[in-house]
Amino acid sequence: QVQLVESGGGLVQPGGSLRLSCAASGSIFSIYAMSWYRQALGKQRELVAAITSGGSTNYAAFVKGRFTISRDSAKDTVCLQMNSLIPEDTAVYYCNADILDLVVRRRDDYWGQGTQVTVSS
């Protein structure tokens, strides 16, 4: 079974930085795109950033220039470096990955449990 586990959330002051990490484990044959989403209280979940297996990246307009997504394919991990954080970045951040499961031989979307990021003074 495939699992995604996030870490790195917390409380930070406006203008500060946080680094989120997500590790995939289990019966993984191949990982395609990996992404970060976020969901603020009372709002819909939205895409923050995505990275393909080839390293191409895509960012939401509201984080361009402030956040950087990266992945280590050898370790099946994806990270989100968040700089210049603002209160509007407060949300639960979720890791998402498109994974081909070795055992069931099926490609599915997997989600982590989420990690809270709070930007407040």
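The values are calculated or read from the model by the stated rules, or taken from the named source; none is laboratory data. What you are looking at is a predicted structure, and each value in this text was computed from that prediction instead of being measured. Reconstructed Cβ throughout: ideal geometry from the backbone, glycine too, with neighbour counts over all protein chains shown. Heads up: the accessible areas ignore ligands, DNA and RNA and are worked out on the full protein's heavy atoms, side chains in. Shrake-Rupley method; radii C 1.70, N 1.55, O 1.52, S 1.80 Å.
Can you find even one residue in segment 34-56 that is of a type in the set (S, T, Y), out of contact with any Lys or Arg (no Cβ under 6 Å at 6 or more places or on another chain), open to solvent by 20 Å² or more (accessible area, probe 1.4 Å) and not in a loop (DSSP other than H, G, I, E, B)? No, that holds for no residue. Only a single criterion out of (1) open to solvent by less than 70 Å² (accessible area, probe 1.4 Å); (2) free of Cβ contacts under 8 Å to residues at least 24 places away in the same chain; (3) small (G, A, S) is not satisfied by A61, namely (1).
If you go through segment 57-101 and keep only what is more than 17 Å from L11 (Cα to Cα), of a type in the set (A, V, I, L, M) and outside any loop (DSSP other than H, G, I, E, B), you end up with I69, V78, A97, I99, L100. Of the residues making up segment 102-121, those that are more than 17 Å from S7 (Cα to Cα) and assigned to a strand (DSSP E or B) are R107, D108, D109. Identify, from the list L18, L80, the residue that is among the aliphatic types (A, V, I, L, M), open to solvent by less than 10 Å² (accessible area, probe 1.4 Å) and touching a Leu at 6+ places or on another chain (Cβ under 9 Å). L80 is the lone residue from the list that is among the aliphatic types (A, V, I, L, M), open to solvent by less than 10 Å² (accessible area, probe 1.4 Å) and touching a Leu at 6+ places or on another chain (Cβ under 9 Å).
Among the residues of segment 7-18, is there at least one that is in contact with a Phe, Trp or Tyr (Cβ under 6 Å, 6 or more places away or on another chain) and not in a strand (DSSP E or B)? No, segment 7-18 has no match at all. Inspect segment 97-114 for any residue being of a type in the set (F, W, Y), modelled with pLDDT of 95 or more and open to solvent by 60 Å² or more (accessible area, probe 1.4 Å) and give the result as yes or no. The answer is yes, given that some residue of segment 97-114 is of a type in the set (F, W, Y), modelled with pLDDT of 95 or more and open to solvent by 60 Å² or more (accessible area, probe 1.4 Å).
Go over the candidates I86, I28 one by one and state the one that is in contact (Cβ under 8 Å) with a residue 60 or more places away in the chain, open to solvent by less than 70 Å² (accessible area, probe 1.4 Å) and touching an Asp or Glu at 6+ places or on another chain (Cβ under 8 Å). Working first, answer last.
Values: I86 fails: touching an Asp or Glu at 6+ places or on another chain (Cβ under 8 Å).
Of I86, I28, the one residue that is in contact (Cβ under 8 Å) with a residue 60 or more places away in the chain, open to solvent by less than 70 Å² (accessible area, probe 1.4 Å) and touching an Asp or Glu at 6+ places or on another chain (Cβ under 8 Å) is I28.
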